[in-house]
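What follows is a short report on a single structure.
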Amino acid sequence: MARSGSSRAAWAVGGVAAMTVSLAVGGLAAAKVRPGHPAASGKALVAPHTASTSASQSPPPPSTATSTAPAVSISYDDLSALVSSYSAALGSKNRAGFVSVVDPGQPKLATSQGQLFDNLRKVPFTSAKYSLVMVDASDGGPQDATATATVAFDHQITGVDSVPVKENYKWTVQRHGATGPLKITAISGAASEHNYPAPWDAVAGLTVVTRPKVVIMADDTSASFAKSHADAMERDAEYDFAHWTGGTGIAPGFSIFLTADRSRYEGIYSQNRAESVGVTVPISAVGKNDGFYPSSRIAVDTTQYKNVDPADADIVFKHEMAHAMIGPFEDQSASSEQDHLWAIEGFAEWESQRMYSTSELLYDGATLHSYVKKHGVPTALPTDSQVYSSDSATSALGYFYAHMTIRYMADEYGPKKVDQFMLAVYKHATASTCVDDAMKSVLGTTTDQFTQAYAKWVRNSV
């Protein structure tokens, strides 16, 4: 009897163990899908009873295990096929197909996807497609499965992007039933994605105006401004390009978004620059993550430019275009080890206003002489914290002195040296001595000597 009891115990342990493993393979584990690995499915298996029995022994009770239905799952291949069909619908101008991937229970999402399709059709793309980057998570069960995935919009705006660039989305996808179709239930920007939302995501009825060097997008608050100022913005682009002497590699053109909606301006491209009226956002190339950004997107709050002298509006556009023009040269692979925002912002300020002499310029409504008299002659180059201070007065002063620094450099060494200096700083922006090295290699001086001469110039010339 001891052996019989032992045999029964062995059967019970073996049966439960087999049931547990089987459920893990056929049920829960099947819900965790990894790329390239289809979901496993099967039925529960019970370990066979191997103990011998005698006539006096009762046979073990029959197994009560039943077959386990395959869990509903979503595989990498499933998601890849969904993204491919979505992309194909865009390429074939199939609006119904583009929207059909949305869950019917999400009417707002379906509407926004229809608006996205309409907006994308207006933008002059050299190439535009969607691709699956990765499956972030996938969970399934007996009746439903949900997955989240990172999906890239790989695109190249004609005349603006030198290579295809990307905007990453986070898709939430569901399946009802083992053979049910995949449907998108939510779309947002991917984690840490600063390129989302683009204007085509954020605006219903996007206005698009094109010129050879600019592609202008606007919401309904600035559609008229876009149309009336398109030629002026084209001239601003030509102005910046005509002045550049640093060789090839600059951006070929500019993408500009206009809005008078302050909340939309701060939210576009997730830049959240509450203190600015214009911003330039770098955009990553497809297939690269080396810290260099071949293209940019410009956004401008048009509120204060609708009823002012057109020359004032031109300044902000020339400023942001200057950033975007030389942005491809900047190494942003790591944080900077030496303050150099004064060079970045000073160059854009000088470039946008270089046609004016110091006697013609006004800062905060005052002549430069009065402004310097009020705030004092600088004794050092502006720091990064001053230039990008959250305090508007501090930042304005930082921008002013940054502008004067580059204006002095152009006056003393010539505009070509300014361009060479900017190239040297941009290409080595993460170095601990990027400014010091550029001073020595391009200008033949030291940072201290330059600063002293700059302060003297401000005192005597401004």
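The values are calculated or read from the model by the stated rules, or taken from the named source; none is laboratory data. Every value quoted in this text rests on a predicted model; they were computed, and no experiment measured them. Positions of Cβ are backbone-derived with ideal geometry, glycine not excepted, and every protein chain shown enters the neighbour counts.
What residue, among those in segment 178-193 that are in a loop (DSSP other than H, G, I, E, B) and in contact (Cβ under 8 Å) with a residue 12 or more places away in the chain, is farthest from TYR269 (Cα to Cα)? I'd like the intermediate steps shown before the answer.
Quick first cut of segment 178-193, residues in a loop (DSSP other than H, G, I, E, B) only: 178-182, 190-193.
Among the residues that remain, those that are also in contact (Cβ under 8 Å) with a residue 12 or more places away in the chain are: 178, 180, 182, 190-191, 193.
Values: ALA178: 38, GLY180: 35, LEU182: 28, ALA190: 12, ALA191: 13, GLU193: 8 Å.
Within segment 178-193, the match that is farthest from TYR269 (Cα to Cα) is ALA178.
Yes/no matrix, rows are residues, columns are (1) β-branched (Val, Ile, Thr); (2) surrounded by 24 or more Cβ atoms within 10 Å (Cβ to Cβ):
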site: LEU182; (1), (2): no, no
site: ASP219; (1), (2): no, no
site: THR248; (1), (2): yes, no
site: PHE254; (1), (2): no, yes
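Report yes if THR405 is at pLDDT 95 or above, among the β-branched types (Val, Ile, Thr) and either in a helix (DSSP H, G or I) or buried (at least 22 other Cβ atoms within 10 Å of the Cβ) (or both), otherwise no. Break it down into steps so the answer makes sense when it comes.
On the way: at pLDDT 95 or above: yes; among the β-branched types (Val, Ile, Thr): yes; either in a helix (DSSP H, G or I) or buried (at least 22 other Cβ atoms within 10 Å of the Cβ) (or both): yes.
So THR405 fits the description; yes.
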**Request:** Hey, can you tell me all the residues within segment 188-212 that are within 22 Å of the chain's Cα centre (by Cα), among the aliphatic types (A, V, I, L, M) and crowded, with 20+ Cβ neighbours inside 10 Å?
**Result:** ALA190, ALA198, ALA202, VAL203, LEU206
**Prompt:** Limited to segment 251-273, what total is found for residues that are without any contact (Cβ under 8 Å) to a residue 60 or more places away in the chain and either within 14 Å of the chain's Cα centre (by Cα) or outside any strand (DSSP E or B) (or both)?
**Reply:** 8
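Of all residues in segment 86-116 being among the hydroxyl-bearing types (Ser, Thr, Tyr) and surrounded by fewer than 16 Cβ atoms within 10 Å (Cβ to Cβ), which is nearest to ARG175 (Cα to Cα)?
We begin by selecting, within segment 86-116, every residue among the hydroxyl-bearing types (Ser, Thr, Tyr); these are 86-87, 92, 100, 111-112.
Narrowing further to those that are surrounded by fewer than 16 Cβ atoms within 10 Å (Cβ to Cβ): 92, 111.
Numbers: SER92: 26, THR111: 21 Å.
The qualifying residue nearest to ARG175 (Cα to Cα) is THR111.
Which residue is nearest to GLU360 (Cα to Cα), if the candidates are limited to segment 386-443 and must be basic (Lys, Arg) and touching a Phe, Trp or Tyr at 6+ places or on another chain (Cβ under 7 Å)? It would help to see each step written out before you state the result.
Kept after step one, since they are basic (Lys, Arg), are these residues of segment 386-443: 407, 416-417, 427, 440.
Add one more test, that the residue is touching a Phe, Trp or Tyr at 6+ places or on another chain (Cβ under 7 Å), and what stays is 407, 427.
Values: ARG407: 14, LYS427: 33 Å.
If we take residues in segment 386-443 being basic (Lys, Arg) and touching a Phe, Trp or Tyr at 6+ places or on another chain (Cβ under 7 Å), then ARG407 is nearest to GLU360 (Cα to Cα).
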**Message:** Return the residues of segment 199-218 that are in contact with a Phe, Trp or Tyr (Cβ under 7 Å, 6 or more places away or on another chain) and in a loop (DSSP other than H, G, I, E, B); say none if nothing qualifies.
**Reply:** LEU206, LYS213
**Asked** With respect to VAL281, is the statement that it is surrounded by fewer than 20 Cβ atoms within 10 Å (Cβ to Cβ), aliphatic (A, V, I, L, M), outside the structural domain of VAL163 (by TED's automatic domain parsing) and not in a helix (DSSP H, G or I) true?
**Response** no
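Within segment 292-303, is there a residue that is polar (S, T, N, Q), without any contact (Cβ under 8 Å) to a residue 40 or more places away in the chain and not in a strand (DSSP E or B)?
So the first thing to find is which residues in segment 292-303 are polar (S, T, N, Q), and the list is 295-296, 302-303.
Restricting the remaining residues to those that are without any contact (Cβ under 8 Å) to a residue 40 or more places away in the chain gives none.
No, the conditions are met nowhere in segment 292-303.
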